[in-house]
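Since every read-out is calculated from the coordinates, none of them should be taken as a lab result. Since the structure is predicted, the reported quantities are computational estimates derived from the model, not experimental observations. So basically every Cβ, Gly included, is an ideal-geometry build from the backbone, and we count neighbours across all protein chains shown.
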């Protein structure tokens, strides 16, 4: 992603003149300088884990800006680096169907990931499903759904209200 952005900015800087070209060139240099610090691409999370770190990743399947497959790729690279059993001990990943970038969209996108993270860190209670809500225009709850730890997904149990998270279960 950063390489693509750098390439785009570099091409823009080369094709622009005056203030616009200088601004694009400056942005390229800033990305080159800050990228190694700000990018979350290093799969070696062993030092984080060794300090007792727990990580909850989430991504909206309908994110128009950043592909959720980038998160899957990152999770895969962490797993390749550390091994599946090690990663399962300190990382949980959740994908929200219909959710845009961080919130909004056509599906439930309001949820609390902090409470399960604190319970995991402080009491060793690894999170399972996280219940997400979809607010209506007036703020009322339109539907709820469980967000399941990847690779599980929410499946309808076959009975109950389809708008209610209790009618779903997490399954592979």
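Grab the eigenvalues of the alpha-carbon gyration tensor for the chain, scale each by 5, take roots, and send me the semi-axes largest first in whole angstrom. Could the numbers behind the result be given before it?
Working: eigenvalues 247, 109, 35 Å².
The answer is 35, 23, 13 Å, longest axis first.
Before rounding to the nearest 500, sum -39500 (n - 2.57) across all DSSP H runs of length at least 4 in the chain and divide by the residue total; then give [θ] at 222 nm in deg cm²/dmol.
Numbers: 6 runs with 70 residues, N = 172.
Value at 222 nm, helices only: -12500 deg cm²/dmol.
Exposure proxy shown here: for 148, 102, 28, the number of other Cβ atoms within 10 Å sets the order, fewest to most, as 102, 28, 148. Using Cα springs under 10 Å in a Gaussian network model of the chain, which residue among 150, 94, 69 shows the largest mean-square fluctuation? So, out of 150, 94, 69, the one fluctuating most is 69. Would you mind computing, in nm to one decimal, how far apart the modelled labels at residue 171 and residue 89 are, each placed 7 Å from Cα along Cα→Cβ? About 3.2 nm, to one decimal. Given springs between every Cα pair under 10 Å in a Gaussian network model of the chain, which of 117, 147, 31 has the largest fluctuation? Evaluated over the chain, the most mobile residue of the options is 31. Across the range 33-102, Cα-Cα pairs farther apart than 13 Å form 67% of the total.
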